[in-house]
Structures are given as C-alpha cells and as structure tokens.
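Some notes on the structure that comes next.
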Amino acid sequence: MTRLGFSDTIAAIATAPGHAGVGIVRVSGPGALRVADGLFRGRGQPSRTRGGRFLYGEFVAEGAERLDDGLCLVFRGPHSYTGEDVAEFQTHGSPAVLSRLLARALDLGARPARPGEFTLRAYLAGRLDLAQAEAVLDLVNAGTDTARRQAALGLSGALGDRVDRIAAGLTRTLAAIQAMLDYPEEGVPEEERGVPLAQAEADLVALVATARAGQVATRGARLALIGRPNAGKSSLLNALLGYERSIVTPIPGTTRDYLEAQLSLAGVPVTLVDTAGLRETADEVEAAGVRQAVSLAQGADLVLALEDGSLPRESLPVDLPPGTRVIRVRTKADLSAAWEDAGARAVSAVTGAGLPELREAIHAALLGDAARGEAWLTTERQADAARRALAHVQAARTLPDDLAGYELEEALRALAELTGRDVSEDVVDAVFRNFCVGK
Ligand code: GDP
Ligand code: ZN
C-alpha cells in the first residue's frame with residue numbers, strides 16, 4: 001500500500017480518562033521512534049528494535065526524572081495500525097503519569113492528535129475503508145452484544161465486500177452498455193443488462209433494509225403495546241419482563257398513562273411501552289390517553305396489537321398509519337378461544353404459552369434478514385449512499401442504454417462513497433469528528 005508520508009508525528013493518551021491498572025500513550029508518524037528513544041530507557045533502544053516487539057524499561061522526563069516504569073511497544077510502518085511507525089507506551093494507569101508522558105512526547109516533537117486521527121491515518125494509508133473506520137467507532141461505542149458483533153463484522157471489511165460485489169456487477173453491465181453504444185441498433189442483451197440489474201436492485205434493497213436493523217442494534221428499539229382496555233397489555237408486558245412492572249387490574253381503563261420498561265431480546269435493547277387502552281370513549285382523561293397511545297404507536301419501531309382471545313373479536317378502534325410494523329397477538333390463550341386467526345400469535349400471560357415464539361417474532365421483525373450474520377449499514381451516512389445507489393439502479397432499469405449508463409455511473413459513485421473510496425474531505429472530516437482522541 002502506498003505511504004502517504006505525513007510529515008508530522010501525533011501523540012495522544014489512548015486509554016479512557018481516570019485511574020486504571022494500565023494507561024497507554026500512543027505516538028504515530030515519522031518521528032514516533034525518535035520520541036520513544038527520547039523518553040524511554042530500557043535494555044533496547046526503540047528505534048533499533050524490530051517491529052512488533054515490546055521493551056521493558058522506564059519512562060523519563062526532562063532532566064532524567066523518572067516518571068514510571070512500563071512497556072514500550074514498537075511497530076514499524078507499514079506494519080502498524082496507521083501504516084506509519086508507531087510507539088505505544090504502557091504505564092500504570094495514572095492520569096498524573098500519563099499527562100507527564102504525553103507532555104514529554106510533545107516536547108520531543110510530536111503534536112497532539114485530533115479525535116480519530118490515528119484511524120484517519122489508517123484510512124488515508126488505505127489500511128481501512130471508510131466503512132471499516134466507522135466500524136472502529138461503532139466497536140468503541142458498542143453497548144450491546146449485537147452492536148459489538150455487527151461492528152466486528154464491519155471491521156473485518158464484510159460490508160465493503162458486500163458493496164464491492166454489487167459494484168462489480170454494475171461495472172460489468174456498464175461496460176456492456178458502453179461497448180454497445182457504438183452499435184445502438186443491436187442493444188445490450190438481456191442477460192448482460194436486465195438480469196444483472198434486477199439482481200443488483202434486489203441486493204441493494206436487502207442492503208438498505210439492514211440500515212434499520214443496524215440502528216436498532218446500536219440504539220435499541222421502541223415497542224408499543226396497544227389494544228382495547230383489558231386486552232391484556234399490562235399482563236403481557238409483565239410476562240415479557242418476568243416481573244410486575246405495570247399494575248394489572250380487571251377494571252378496564254386502568255392504564256391511562258403509559259409505562260416503559262427495558263428488556264433485552266437476544267442482545268437487542270428493547271423499550272416496551274404499555275399504552276392506555278384504545279377505545280372510543282367519552283371520558284376525557286381516557287380520550288387523551290388514547291390519543292397518546294396512537295402517537296406512541298407511530299413513534300415505535302414495532303407495534304404489538306393485542307386482542308382478547310376470550311371475547312368475540314372487535315377490530316382495533318384506531319387506524320395505524322400505513323407502514324407501521326405490527327405483530328398481531330391473540331391474548332389469553334389459556335382460556336377457550338372465541339376466535340382464531342392465522343395472522344395473530346396466540347399467547348398466554350398466565351401460562352407463558354406462546355411467549356418464546358413471540359420473543360422470536362419480535363427479534364425477527366426488528367432485525368429481519370440482518371439477523372443472519374450479514375454485514376449491515378450502521379450509520380446514516382452509509383444508508384444514504386446505499387439509498388442513492390438503489391435509486392440510480394432503479395432508474396437505469398427503465399431507461400434506454402445511453403441514459404442507463406449514466407445512471408449506473410452515478411450508482412457506482414454512490415457505492416464508492418459508501419466505502420469511502422470516493423468521498424469529499426468534508427465527509428471524511430464529519431466521520432472522524434465523532435471519534436475520541438487517541439483512537
Ligand atoms: P390491559 O388493560 O390491556 O393492560 O389488560 P391487563 O393486563 O390489565 O389484563 C386485564 C385482565 O385480563 C386482568 O384481569 C388479567 O388478569 C387478565 N389477563 C391478562 N392476560 C391474561 C391471560 O393470558 N390469561 C388470562 N386467563 N387472563 C389474563
Ligand atoms: Zn394495562
């Protein structure tokens with residue numbers, strides 16, 4: 001890979017602020033080993049050490065004042081995270097030691113690293129694509145196991161590979177179209193245009209659909225329970241939670257406000273919202289609750305629409321906005337069923353019957369295909385680029401060859417933006433602004 005040859009050397013404390021067992025100062029750039037030579041005294045001299053080695057010794061400030069003892073790790077470019085010479089100093093995790101050590105590194109010619117600058121250098125050196133760099137950030141910020149798994153997949157380059165496969169197909173079709181432009185009367189054969197473009201469209205639709213899952217995995221999902229009073233909302237919420245969180249009473253209309261509860265569904269953080277019962281009502285307070293329930297359902301990632309299975313069926317008294325994702329639930333399955341509907345899942349909050357299947361259905365509805373171990377889009381930037389690529393491919397499918405070629409070029413540009421092979425400096429800056437210093 002080409003070295004871009006930054007002339008400056010950057011330094012930062014790479015570990016989190018506060019006291020810890022170990023703390024790390026990281027230095028990268030052409031002067032990194034000179035900095036290491038200046039502040040480390042050990043058996044070997046950092047600049048004379050082979051890459052991938054660590055030396056034990058002590059860290060010294062100006063005037064040979066001993067700061068601490070610890071390890072000096074030496075990586076030689078291009079075999080390092082940034083692709084440059086890198087030295088890492090591991091000391092006791094004391095803010096007092098680390099700040100002196102960083103100050104000494106700056107005295108010796110390094111400058112303070114900006115947020116994400118080590119990863120930026122790795123990206124600019126071609127060691128990571130932009131989606132991988134974003135995955136580094138996702139991994140640092142991962143608060144759930146699903147988010148961690150997804151970030152690790154992204155870091156492995158799986159997203160870039162998935163995008164590259166789509167781009168390769170588009171490139172072949174574009175080449176076929178361009179080759180044919182000189183012989184317009186012939187037209188591009190279906191198997192070189194229609195068939196691969198239909199495939200690319202399907203792949204992009206699947207890719208775009210993962211954006212929701214990515215956000216759900218990182219930020220969690222909101223799930224609203226709706227249904228008429230007494231349908232069993234509070235009981236189901238408690239059953240899903242496994243403890244009494246809502247007040248369950250046999251008097252209809254008890255839950256006039258709403259209650260929230262947190263649970264984890266196979267590593268996805270889910271906020272359950274128990275809404276006021278939905279029904280046409282004269283009671284003003286309750287009417288307000290119903291309006292609130294409808295708006296909560298609109299803001300939810302998924303709605304569980306509950307209907308009492310022990311009573312004759314009535315339709316839900318509200319119309320959910322089109323596009324709302326709904327799982328229909330027939331409650332009180334332990335009682336004799338007053339109706340059946342293959343589209344509604346039978347559950348009993350009393351016996352627990354149907355609950356594992358319901359959890360499973362919720363998980364699948366939130367994560368969709370993406371639950372199957374494929375790389376997802378995890379940032380809005382990626383999702384936007386993928387949606388633009390999809391729109392261009394869809395346009396290309398309907399247009400004559402010359403115009404289709406233009407649309408395919410645009411689609412390829414959008415995909416190159418997604419992986420960061422073709423992005424403006426502003427976009428790159430925006431990505432790295434979210435990083436912490438030292439990463
Ligand atoms: P909500 O108004 O929709 O929140 O309904 P609740 O959860 O408060 O339940 C209303 C009534 O139905 C209560 O008397 C519950 O004990 C009863 N109930 C709820 N779920 C079940 C169930 O699965 N089986 C049976 N037999 N009764 C239930
Ligand atoms: Zn309730």
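Quick note: the coordinates plus some simple rules give every number you see, no bench work behind them. Predicted model, so just to flag it, every value in this text is computed and none were measured. Cβ sites come from the backbone with ideal geometry, for glycine too, and all protein chains shown count toward neighbours.
Starting from 0.36 nm per residue, how many nanometres of slack lie between R50 and N434 once their C-alpha separation is accounted for?
134.9 nm
Tell me which of L415, G18, L120 sits at the most positive position along the dipole axis of the chain, charges placed on C-beta atoms (Lys, Arg +1; Asp, Glu -1).
G18
Assuming 0.36 nm per residue, please report the length gained on full extension of the stretch Q298 to R219 beyond their Cα-Cα distance.
Numbers: separation 79, 0.36 × 79 = 28.44 nm, distance 1.77 nm.
Going from the current span to full extension adds 26.7 nm.
For the chain, what ratio Rg/Rh do Cα atoms give with a Kirkwood hydrodynamic radius? It would help to have the intermediate numbers written out before the result.
Numbers: Rg = 28.8 Å, Rh = 25.9 Å.
Value, to two decimals: 1.11.
What's the local net charge at Q90, with K and R +1, D and E -1, over the other residues with C-beta under 14 Å away?
Charge balance near Q90 sits at -2.
What 222 nm value per residue comes from the helices of the chain, counting each DSSP H run with n ≥ 4 as -39,500 (n - 2.57) and dividing by all residues, nearest 500 deg cm²/dmol?
Numbers: 13 runs with 186 residues, N = 439.
About -13500 deg cm²/dmol.
Would you mind getting me the FRET efficiency between L263 and D384? Use the beta-carbon distance for r and R0 = 30 Å, nearest 0.05.
Values: r = 31 Å, r/R0 = 1.04.
FRET efficiency, L263 to D384: 0.45.
About the Cα centre of the chain, what is the dipole size in debye to 20, counting +1 per Lys and Arg Cβ and -1 per Asp and Glu Cβ, all else neutral? Numbers along the way, then the final one.
On the way: 47 positive and 58 negative charges, 380 e Å.
In total the dipole reaches around 1820 debye.
With r as the distance between the Cβ atoms of R421 and R111 and R0 = 30 Å, compute the FRET efficiency 1/(1 + (r/R0)^6) and round to 0.05.
Here the calculated transfer efficiency is 0.55.
Pop a pseudo-label 7 angstrom from the Cα along the beta-carbon direction at both A198 and D402 and give the gap in nm to one decimal.
Each label point lies 7 Å from its Cα, and together they span 2.8 nm.
Projecting each Cα onto the charge dipole of the chain (Lys/Arg +1, Asp/Glu -1 at the beta carbon, about the Cα centre), which of Q178, S348, L316 comes out farthest on the positive side?
It is S348.
List the chymotrypsin sites (Phe, Trp or Tyr not before Pro) in segment 367-438 that DSSP assigns to loop (not H, G, I, E or B) and whose Cβ has at most 13 other Cβ atoms within 10 Å. Which are they?
The qualifying sites: there are none.
How many angstrom lie between the C-alpha centres of segment 30-88 and segment 144-221?
Cα centroid to Cα centroid, the span is 44 Å.
How high is the relative contact order of the chain, given as a whole-number percent (alpha carbon pairs under 8 Å, six or more residues apart)?
Once divided by the residue count of the chain, the mean separation gives 16 percent.
Which residue, chosen from V205, A300, L241, occupies the Cα position most advanced towards the positive end of the dipole of the chain, where the dipole is computed from +1 (Lys, Arg) and -1 (Asp, Glu) charges on Cβ about the Cα centre?
Highest projection toward the positive end goes to L241.
With charges only on Cβ, +1 for K and R and -1 for D and E, what is the dipole size of segment 27-72 about its Cα centre, in debye, rounded to 20?
The calculation lands at about 360 debye.
Determine the dipole magnitude for segment 353-439: charges of +1 sit on the beta-carbon of Lys and Arg, -1 on that of Asp and Glu, nothing else is charged, the reference point is the Cα centre, and the result goes in debye to the nearest 20.
The calculated dipole for segment 353-439 is roughly 380 debye.
How big is the antiparallel share of DSSP beta bridges in segment 10-127, given as a percent to the nearest 5?
95 percent
Calculate one ³J(HN,Hα) per residue across segment 60-69 by plugging θ = phi - 60° into the Karplus curve 6.51 cos²θ - 1.76 cosθ + 1.60, and present them in order as whole Hz with x for glycine and proline.
These are the phi-based 3J(HN,Hα) values: 10, 8, 4, x, 6, 5, 7, 8, 5, 10 Hz.
For the pair E185 and T271, what calculated FRET efficiency results from E = 1/(1 + (r/R0)^6), where r is the Cβ-Cβ distance and R0 = 45 Å, to the nearest 0.05?
FRET efficiency, T271 to E185: 0.15.
Can you check what the Kirkwood hydrodynamic radius comes to for segment 64-189, Cα pairs only, in Å to one decimal? Don't skip to the end; give the middle numbers.
Numbers: mean 1/r = 0.0536 Å⁻¹.
Hydrodynamic radius (Kirkwood, Cα only) of segment 64-189 equals 18.6 Å.
Enumerate by residue number the GluC sites (Glu not before Pro) in segment 337-415 meeting two conditions: DSSP loop (anything except H, G, I, E, B), and at most 16 other Cβ atoms within 10 Å of the site's Cβ.
E340, E374
For K332, K439, K233, which order do you get if you count the other beta carbons within 10 Å of each Cβ and list the fewest first? Walk me through the intermediate numbers first.
Values: K332 25, K439 21, K233 32.
Exposure proxy ranking, most exposed first: K439, K332, K233.
What list do you get for F6, F75, F59 if you sort them by fewest beta carbons within 10 Å? Working shown, then result.
Values: F6 17, F75 21, F59 26.
Going from least to most buried by this count: F6, F75, F59.
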